[in-house]
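Undergrad: Supplied in structure tokens, the structure appears directly below.
The values are calculated or read from the model by the stated rules, or taken from the named source; none is laboratory data. From a predicted model like this one, the values you see are computed outputs, not experimental measurements. Every residue, glycine as well, gets a Cβ built from its backbone with ideal geometry; the counts of neighbours run over all protein chains shown. Note: areas computed on protein heavy atoms with side chains; ligands, DNA, RNA excluded. Shrake-Rupley method; radii C 1.70, N 1.55, O 1.52, S 1.80 Å.
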Amino acid sequence: AALTLLCGSVAAVVVWKWLGKRQIQKKMEEAQRTRDEGVKKMAKAVQQFREQVPSVQTDAILSLPLLELTDRLREGSLSPRTVLYTYLEKALEVTQQTNCLRHFIPECEEQLQEIQRQREKGLLYGIPVSIKDHIGHKGHLSTCGLVQCLGTPVQEDSVLVKVLKKQGAIPFAMTNVPQSLFNYDCSNPIFGQTLNPFNPQKSPGGSSGGEGALIAGGGSILGIGSDIGGSIRLPSSFCGLCGLKPTAKRLSVRRTRLLHVDVCSCPTPVPCALGPMARDVDSLALCMKALLCQEMFQLDPTVPPIPFDEEVYSSSAPLRVGYYDTDGYFPLPPCMRRAVRETRGALQAAGHQLVPFSPPRIHYVMTELFLKTFFADGGRAWLDLFTGDIVDPSLKSQVNCCKIPRLGKKLLALILKPLQFLLLLKLKNVAMISTCRSVKEMWDHHHQIEAYRTEFIARWRELRLDVVLCPVLGPAFTAGYPGKLLTAISSTMLYNVLNFPAGVVPVSTVTEADEEELKLYQGCCDDPWDRTLKQ
């Protein structure tokens, strides 16, 4: 009887688990079906437009820089409808190649009508804009690549979307993201892997990877991403774009789903920032100029009412530029260091003063400040996001590490330390991250971040710097590799911890000589992680 009862219980558990997985599968299939139907509808709308206006010079419109396109739209030599459908058509083509779109926004047609009723033409009049999946748009899901977020559509536009619309922009597409946003690849179990438009073997970066792929592929001229460890700057690097992470709270994040960011600590000492991605720096500047307006400051009173400083942006005064080509924690591939050297030479030739600068204690910043912020509770809040979900393969190693009980982690640390496995030196695995075990420890952690910011600013002021030139992780990794190298992002995460504005600009492409030099790359210690970076 006991054996029968045991077998019955086991069978019940197996059936219960099977039913749970089937339910998840059905939700995912429904989301995929909705997306596919949206793509078909948009393709049909584009086809109808093509039949009505057969003489559109598609390539000429797609080749216009943002500033020139805005001028043409404002003077009336191009119509917003023509520009919108030109970009919709191109976005359909790019997403077919890269799987970068999560959903088209059919209400873009309504916004097209709305801007023609506006009394004043905004700074982004008639410009089609793509937005990252978790930036709230009324009537659409904000999924973050998670099944638990497939339920209720957003009830109201986020502040940022409202301001874009007020400035005449037309949000037309929402782009794909990695599951939970906590990855710099771009893959989730619902909508799949996004590919790099220049090479389908490569990742577009993340977490704003859908934006990176769509803009780099030519399917969008301006996009909005978010960044809490490099999520604007890494896709910009991997896809050869310009991207800006402003200081947090410079642009409103209200009604933007932040998930793990929200639950880590409140207020979080390493905050999320929204920012623009585009093909050139002037586009980023125009976007910031448009967003930093009265509408933004009124809709979100927590945003400081400081408009874009045109005087500083257009100034040609010589600058004192600090520079470094390695942070001493995670040595980057030779081509990225070459990019810094060449840029340093160009800046010197342009009359700027270059000063060697060494960011202090990056190992401490990465392990004790950055990662501890997000795994202060041992990763429990993050793991909760995967309840009733399928974990994406690119996140499995991180999720499994977080599942190790605290005692197991301590034993692992004791075993590995005598082996000198370099784990504590370079900390490539979240299993070893220290946690905050009390409220006092959490406050101490917040204080340590403030103390580090003070130390960094003091060093900056000592050298009388205006700006710092530094490398960014790149070039694009092969898809699947970002999940194996979480802490390779030391070059970007520093400026999230500092809450400084930071941007990325492409200055070169990889050469044959770079590839030859990469063969000799040994990184810091020629350990398994350095070899993984090389691969």
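Undergrad: Considering only region 319-326, I want to know if a residue exists there that is of a type in the set (Phe, Trp, Tyr) and buried (at least 17 other Cβ atoms within 10 Å of the Cβ). Reasoning before the result, please.
TA: Taking region 319-326 as the starting set, the residues that turn out to be of a type in the set (Phe, Trp, Tyr) are 323-324.
Then keep just the ones that are buried (at least 17 other Cβ atoms within 10 Å of the Cβ); that gives 323-324.
Yes: region 319-326 contains one or more residues that are of a type in the set (Phe, Trp, Tyr) and buried (at least 17 other Cβ atoms within 10 Å of the Cβ).
Undergrad: Would you mind telling me which numbered condition in (1) in a loop (DSSP other than H, G, I, E, B); (2) among the charged types (D, E, K, R); (3) open to solvent by 40 Å² or more (accessible area, probe 1.4 Å) residue 344 fails?
TA: (1)
Undergrad: When region 347-380 is examined, which residues are found to be assigned to a helix (DSSP H, G or I) and open to solvent by less than 30 Å² (accessible area, probe 1.4 Å)? Quick ask: steps written out before the conclusion?
TA: Step one: list which residues in region 347-380 are assigned to a helix (DSSP H, G or I), which gives 347-349, 362-374, 380.
Of everything in region 347-380, those that are assigned to a helix (DSSP H, G or I) and open to solvent by less than 30 Å² (accessible area, probe 1.4 Å) turn out to be 362, 365, 366, 367, 369, 370, 371, 372, 373, 374.
Undergrad: Is there any pair with a first residue in region 222-242 that is farther than 14 Å from residue 477 by Cβ and assigned to a loop (DSSP other than H, G, I, E, B) and a second that is among the charged types (D, E, K, R) and at pLDDT 95 or above whose Cβ atoms are under 7 Å apart and which are 6 or more apart or on different chains, and what are they?
TA: Between residues of region 222-242 that are farther than 14 Å from residue 477 by Cβ and assigned to a loop (DSSP other than H, G, I, E, B) and residues that are among the charged types (D, E, K, R) and at pLDDT 95 or above, the close pairs are 232/245; 241/279.
Undergrad: From the list 127, 135, 131, 170, which one is touching a His at 6+ places or on another chain (Cβ under 8 Å), β-branched (Val, Ile, Thr), buried (at least 24 other Cβ atoms within 10 Å of the Cβ) and closer than 21 Å to residue 219 by Cβ? It would help to see each step written out before you state the result.
TA: Working: 127 fails: touching a His at 6+ places or on another chain (Cβ under 8 Å); 135 fails: touching a His at 6+ places or on another chain (Cβ under 8 Å); 170 fails: touching a His at 6+ places or on another chain (Cβ under 8 Å).
On inspection, the qualifying residue turns out to be 131.
Undergrad: Please work out if residue 507 is hydrophobic (A, V, I, L, M, F, W, C), in a loop (DSSP other than H, G, I, E, B), closer than 18 Å to residue 236 by Cα and open to solvent by 40 Å² or more (accessible area, probe 1.4 Å). Talk me through it step by step, then tell me what you get.
TA: Working: hydrophobic (A, V, I, L, M, F, W, C): yes; in a loop (DSSP other than H, G, I, E, B): yes; closer than 18 Å to residue 236 by Cα: yes; open to solvent by 40 Å² or more (accessible area, probe 1.4 Å): yes.
Judged against the criteria, residue 507 is a match.
Undergrad: Another one. Can you find, within region 510-534, the residue that is farthest from residue 399 (Cα to Cα) among those that are touching a Pro at 6+ places or on another chain (Cβ under 7 Å) and part of a loop (DSSP other than H, G, I, E, B)?
TA: Among those that are touching a Pro at 6+ places or on another chain (Cβ under 7 Å) and part of a loop (DSSP other than H, G, I, E, B), it is 510.
Undergrad: Any idea which of (1) open to solvent by 30 Å² or more (accessible area, probe 1.4 Å); (2) farther than 28 Å from residue 237 by Cα; (3) in contact (Cβ under 8 Å) with a residue 12 or more places away in the chain is the one residue 193 doesn't satisfy?
TA: Result: residue 193 fails condition (2) only.
Undergrad: Among the residues of region 108-121, is any modelled with pLDDT of 95 or more, closer than 30 Å to residue 483 by Cα, open to solvent by less than 10 Å² (accessible area, probe 1.4 Å) and in contact with a helix residue (DSSP H, G or I) (Cβ under 8 Å, 6 or more places away or on another chain)? Give the steps one after another, and end with the answer.
TA: Step one: list which residues in region 108-121 are modelled with pLDDT of 95 or more, which gives 108-115, 121.
Next, from what is left, pick out any that are closer than 30 Å to residue 483 by Cα: none.
No: region 108-121 contains no residue that is modelled with pLDDT of 95 or more, closer than 30 Å to residue 483 by Cα, open to solvent by less than 10 Å² (accessible area, probe 1.4 Å) and in contact with a helix residue (DSSP H, G or I) (Cβ under 8 Å, 6 or more places away or on another chain).
Undergrad: Name the one entry in 91, 60 that is surrounded by 13 or more Cβ atoms within 10 Å (Cβ to Cβ), out of contact with any Phe, Trp or Tyr (no Cβ under 7 Å at 6 or more places or on another chain) and not in a loop (DSSP other than H, G, I, E, B).
TA: Numbers: 60 fails: surrounded by 13 or more Cβ atoms within 10 Å (Cβ to Cβ).
Just a single option satisfies the conditions, and that option is 91.
Yes or no, residue by residue, for (1) without any contact (Cβ under 8 Å) to a residue 12 or more places away in the chain; (2) in the same structural domain as residue 358 (by the TED database); (3) among the polar types (S, T, N, Q):
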position	(1), (2), (3)
288	no, no, no
291	no, no, no
294	yes, no, yes
300	no, no, no
304	no, no, no
307	no, no, no
310	no, no, no
328	no, yes, no
